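Student: If you scroll down you'll find the structure; I have some questions about it.
Just so you know, all these numbers are worked out from the coordinates, no wet-lab data involved. Please read all numbers here as calculations on a predicted model, not as lab measurements. Please note: Cβ atoms are built from the backbone with ideal geometry, for glycine as well, and neighbour counts cover all protein chains shown.
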Amino acid sequence: MRRLMSYLLALLLIAGPAHAELVIEITRGVENPIKIAVVPFRLQGSGVLNVDLARLIESNLERTGQFQRVKRESMLSLPGPNEQLFYRDWRAIDSEYTVVGQITPEGNGFLVTYALHDVLGQRELFAEKVPGPETAIRDIGHYISDKIYESLTGTKGIFSTKLVYVTVDRRAEKDQTFRLILADADGGRARTIFESSEPILSPTWSPDGGRVAYMSFRGKRAGIYVQTLATGEVQKVTDFPGLNSAPSFSPDGRQLALTLSKDGNPEVYIANLRTGELTRMTDHFAIDTEPRWSPDGRSILFTSSRGGKPQLYLLDVATRNVSRVTFDGDYNSNGAFTPDGAAIVFVHRTNDRFHIARMELKTRAMRILTETDLDESPSVAPNGTMVIYATSEGAKGLLGLVSTDGRVRVRLPSASEQVREPAWSPFMN
Amino acid sequence: MDVLKTIKTAGYAAVLAVLAGCAGQVKEDVAVTDAAAQSPVETTAASSAASTDSVSGTSSSQLSQSASQSAVSGAEITRESLKASALAADTLFFFEFDKSDLRQDALDDLDAHAKYLVADRAARVRLEGHADERGTRAYNLALGERRANAVARYLVIQGVNRAQIETMSYGEERPLSLARDESGWSRNRRVELIYQ
Amino acid sequence: MVAASVSLSATLVSANSLPITDDARGELLLQIEQLRQETQSLRGLMEELSNQLRTMQADEKSRYLDLDRRLGELIQIQRDALTTQSGNSANTVVTAPQAENASTATEPPQLSAQEAYNLAFQMIRERQFEASLEAMASFILQYPDSELIHDARFWRGQVYDVLADDTKAIQEYEGLLAIKPDYRRLSQVQIKLGKLYLKTGRVEEGRQLLNALISADPESVEAGLARRELEASR
């Protein structure tokens, strides 16, 4: 443990955008989505931009299920931010809000000017100028989406956040390539940050969004590794004989809860990332795994089969008292907290199908959120509005999004045959 | 154990004849036996094997203490025949959903593997535990390990040294079948026994 | 525990003085496994039972509070009723709804309708629900011409409601509405009935009834209650 060896991943340096982006399909939205028109942003001068900012913004907003785009074809005019907006024209095509913008080359990058108009109120809500280098054009688009989303819904947007997930290309039972992918929350700019012929599992974010912990094998040996995204540096946390799995960062980012079976049974441990010190938190001959730290750091939610069937339990970190949380059904596992710590989402089996469910911790009221099957690995967006999870369709493994109230459902099909183990980053700021 | 007695009285010629019969593998095994003589670990292995014999009534002192050529070769023969039956035995052991207890139909095959591993302390085996895709991945990783451990425990009870066994789990990550129904799932809930 | 069983098996292997066969050891391992599974499922059962106990205790408490509230309402309504009665008929002796009622009622011969009714009602107040149901029923049979039989039916409905016998409560209320569509506590009956319809899965009927109440007098207390029931049923 003390020899925390680190090395640079060559992969990171040569990483290319070899992966097709995730595609987004909304399968169910809210009853009355806000209708918004995002007018194509004009590029001043003669340059060419390979990103359609207006498209990116409207897709972002639409993916939340709370917005519905007004189609470009129906727009009567395509004004820029410095031109007068004829509100009547926009009301005529049912637009409640209209976004206008333009992109001006400036030095090595661009200056993006945009404004958000309230069509019914016939007024400009706000306007802003955002400068940035050419490489950051998507970041600007996500930033603008966040601003619009927050001003119209009152909730902080999650478009500038990131995802990590695992893809698998299988040629034969023992000839597979596992890739750990880092992508924008909309699936854009996907790149491989780690690749292996052995399974990669349980990627999870550090609270500052700078590091990702995951399980992978070196040879036949499983280990927990923490990778710093900016440098590609990898730190080995554990690689004991037996299980080394399911890492989860403490809210202060200094500790990792994880599962080890070095003492004979899968037990939950806490590893201090600086000193390497290990503290065993559970002691039972059944399976204890999938620890997940609560946002206040006081408890750890985990899966245990101590009652004969996998159920979720809460572990008080200070006293190590364990209490059972789930009682409905004979399979509840892989829990995760909502950012406010008031609810948990988890995998629940009902009628032999596996769904994502949500439970309020106070009332213990449970609600099944998804309708797909073999759903797993739920991860809640940092603003608490959406849950990303892995599901399956035929032989394919793909990701899905569902709002935490179950009203909005979005499919995220991908070019990869198998996409799984998604983890939503915290706010990156 | 009767085999041992018979072979002891049989003498060199017969032994050699049999040995010649099973060419390639013999060479390896002889090398291993040589190494065993020097390694303290292997010595303990041999004496524990001897004590097992004493239980079933065979004189152990001759076997463990006298390192006579004939005894070694006798063990050699037994090993070969046990190895043959171990190799013929099934190396896939299946389980019920969310369960890690051995099915009754696995026991005969496991006995064959155990007998060989007891006879040949140099033999090593890896047990890979697997789960079907239902349920969550990290939980299935733990389930796969429990299955591998269930097999390992059974082998140890049958006299195999824990050091001869390596266990690991792939959870649901390496399915044998991609069929998304019970026919596929039942094949994927397994432990694979692999000689090293 | 695994560690324990492994070391146990190690002991077995080295204990060459004990005549334990491989089969016996295998059998032992199997039994330990079975015991563990048994322990686990017992633990699971215990966890579930103690959870049920917890929720039942909480339910019990809220049910008691609810009952208490209902009885409070009953007493209030009864007082109101007595006051109204005394104003209406001059020859009815108004007795405070106290113990005297019960004591006079022990002499069966000829009770006035009001006395018989009060007697039955007293049982409700003393929470002798089963007895009160019978008393109300026999009151209805004995005094078919009394206006009070509608109240008797109303209280029978209430008692069944308290006893959670939804079917019978519905029967009483429906019967009452059929016989006396202009019953003075009509809106109360409709609320109760609507609630029971929703509770027993007759969602459409329940909604219709409650919505009718709301549109009849949107500002009334009953309309407010109806709205709350509709809201809760969603």
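Student: Going by how many other Cβ atoms sit within 10 Å of their own, how do A:338, C:55, A:385 line up, fewest first? List each step's numbers first, then the result.
Tutor: Details: A:338 20, C:55 12, A:385 23.
Least crowded to most crowded, the residues run C:55, A:338, A:385.
Student: Next question, about the same structure. Determine how many Å³ per residue the convex hull of the Cα atoms of the range A:32-80 encloses.
Tutor: On the way: hull volume 3.9 nm³, N = 49.
It comes to 79 Å³ per residue, whole-number rounded.
Student: Beyond 22 Å between alpha-carbons counts as too far, so tell me which of A:35/A:71; C:61/C:168; A:174/A:262 fall in that bin.
Tutor: Working: A:35/A:71 10 Å; C:61/C:168 25 Å; A:174/A:262 26 Å.
Flagged as over cut-off: C:61/C:168; A:174/A:262.
Student: Then there's this: Can you classify the range C:90-233 as rounded, prolate or oblate using the Cα gyration tensor, where a ≥ b ≥ c are the square roots of its eigenvalues, rounded means a/c under 1.5, and otherwise it's prolate if a/b beats b/c and oblate if not? Before the final figure, lay out each step's value.
Tutor: Values: a/c = 2.37, a/b = 2.01, b/c = 1.18.
Note, shape of the range C:90-233 comes out prolate.
Student: If we count every other residue with Cβ under 9 angstrom of residue A:417's Cβ, Lys/Arg +1 and Asp/Glu -1, where does the sum land?
Tutor: Values: positive: A:170, A:396; negative: A:169.
Charge balance near residue A:417 sits at +1.
Student: Turning to a different aspect of this structure: Through the Karplus equation 6.51 cos²θ - 1.76 cosθ + 1.60, θ set to phi - 60°, convert the phi angles of the range A:98-106 into ³J(HN,Hα) values in whole Hz; use x for Gly and Pro.
Tutor: 10, 10, 10, x, 8, 10, 10, x, 8
Student: Spelling out what I want: for every residue of the range A:109-121, take phi, set θ = phi - 60°, compute 6.51 cos²θ - 1.76 cosθ + 1.60 (Karplus), and round to whole Hz; glycine and proline get x.
Tutor: Those phi angles translate into x, 9, 10, 9, 10, 8, 9, 10, 10, 8, 5, 5, x Hz.
Student: Short version: what are the Cα gyration tensor semi-axes of chain A, square root of 5 times each eigenvalue, largest first, in whole Å?
Tutor: Details: eigenvalues 332, 122, 71 Å².
Each semi-axis is the square root of five times an eigenvalue, giving 41, 25, 19 Å.
Student: For A:304, C:215, what ranking results if the residue with the fewest other Cβ atoms within 10 Å of its Cβ goes first? Could you put the intermediate results ahead of the total?
Tutor: Values: A:304 28, C:215 10.
Least to most surrounded, the residues fall as C:215, A:304.
Student: Continuing with this model, one more query. Cut-off under 22 Å on the C-alpha distance; same-chain residues fewer than 8 positions from residue B:83 excluded. Which lysines are left, in chain and number order?
Tutor: Counting by Cα, and skipping residues close in sequence, residue B:83 has these lysines nearby: B:5, B:8, B:27, B:115.
Student: Oh, and also: Please check: in the Gaussian network model of chain A (C-alpha springs, under 10 Å), which one of A:326, A:259, A:275 has the largest mean-square fluctuation.
Tutor: Looking only at A:326, A:259, A:275, the largest GNM fluctuation is found for A:275.
Student: Helix A:53-63 versus the longest principal axis of chain A: what is the Cα-based angle in degrees, 0 to 90, to the nearest 10?
Tutor: 50 degrees
Student: Let me ask something else about it. Using a Förster radius of 60 Å, what is the FRET efficiency between residue A:106 and residue C:168 based on their Cβ-Cβ separation? Nearest 0.05, please.
Tutor: So the FRET efficiency works out to roughly 0.15.
Student: Could you tell me the calculated FRET efficiency between residue C:141 and residue B:108, based on Cβ-Cβ distance and R0 = 60 angstrom, to the nearest 0.05? Don't jump to the answer; show the numbers that get you there.
Tutor: Working: r = 79 Å, r/R0 = 1.31.
That gives a FRET efficiency of 0.15.
Student: Would you please give the residues with an amide H less than 5 Å from that of residue A:67, counting only those at least 5 places away or on a separate chain, with H modeled from the backbone geometry?
Tutor: A:34
Student: Sticking to Cα atoms, compute the Rg of the range B:92-195 to one decimal and its Dmax as the biggest Cα-Cα distance, whole number, in Å.
Tutor: 13.4, 41
Student: Taking 2.2 N^0.38 Å as the expected size of a compact globular protein, what ratio does the Cα radius of gyration of the range A:336-429 give against it, to two decimals?
Tutor: Working: Rg = 12.9 Å, N = 94, 2.2 N^0.38 = 12.4 Å.
So the Cα radius of gyration is 1.04 times the expected 2.2 N^0.38 Å.
Student: With labels modelled as points extended 7 Å from the Cα through the Cβ direction, what inter-label distance (nm, one decimal) is found for residue A:151 paired with residue A:262?
Tutor: A separation of 5.4 nm, rounded to one decimal place.
Student: Residue C:43: net charge of surrounding residues, Cβ under 15 Å, Lys/Arg +1, Asp/Glu -1, itself excluded? Please list the in-between numbers first.
Tutor: Numbers: positive: A:306, A:309, A:324, C:36; negative: A:283, A:288, A:330, C:38, C:47, C:48.
Counting the neighbours of residue C:43, the net charge comes to -2.
Student: Less than 14 Å from a label point 7 Å out along the Cα-to-Cβ axis of residue A:78: which backbone N atoms in the range A:98-137 qualify, by residue?
Tutor: A:100-103
Student: As a footprinting exposure proxy, order A:345, A:48 by other Cβ within 10 Å, with the fewest listed first.
Tutor: Working: A:345 24, A:48 5.
Sorted ascending by nearby Cβ count, the order is A:48, A:345.
Student: Helix-only mean residue ellipticity at 222 nm, chain A, DSSP H runs n ≥ 4 weighted -39,500 (n - 2.57), per residue, nearest 500. What is it? Provide the component values of the computation, followed by the final result.
Tutor: Numbers: 4 runs with 39 residues, N = 429.
Helix contribution divided over all residues of chain A: -2500 deg cm²/dmol.
Student: If you plug each phi of the range A:380-393 into the Karplus form 6.51 cos²θ - 1.76 cosθ + 1.60 with θ = phi - 60°, what whole-Hz ³J(HN,Hα) values come out, in order, with x for Gly and Pro?
Tutor: 8, 5, x, 8, x, 8, 10, 10, 9, 8, 9, 9, 9, 9
Student: Beyond 27 Å, what share of the Cα-Cα pairs of the range A:25-153 is found? Please give it as a whole percent.
Tutor: Values: 1228 of 8256 pairs.
Summing the P(r) of the range A:25-153 above 27 Å gives 15 percent of all pairs.
Student: Give the long-range amide H neighbours of residue A:96: residues separated by 5 or more places, or on another chain, with amide H under 5 Å away, using H modelled in the peptide plane at 1.01 Å from N.
Tutor: Excluding prolines and chain starts, which carry no amide H, the hits are A:35, A:36, A:37.
Student: Debye sum, Cα scatterers, the range A:251-381, no solvent: what log₁₀ I/I(0) at q = 0.15, 0.22 1/Å?
Tutor: -0.69, -1.36
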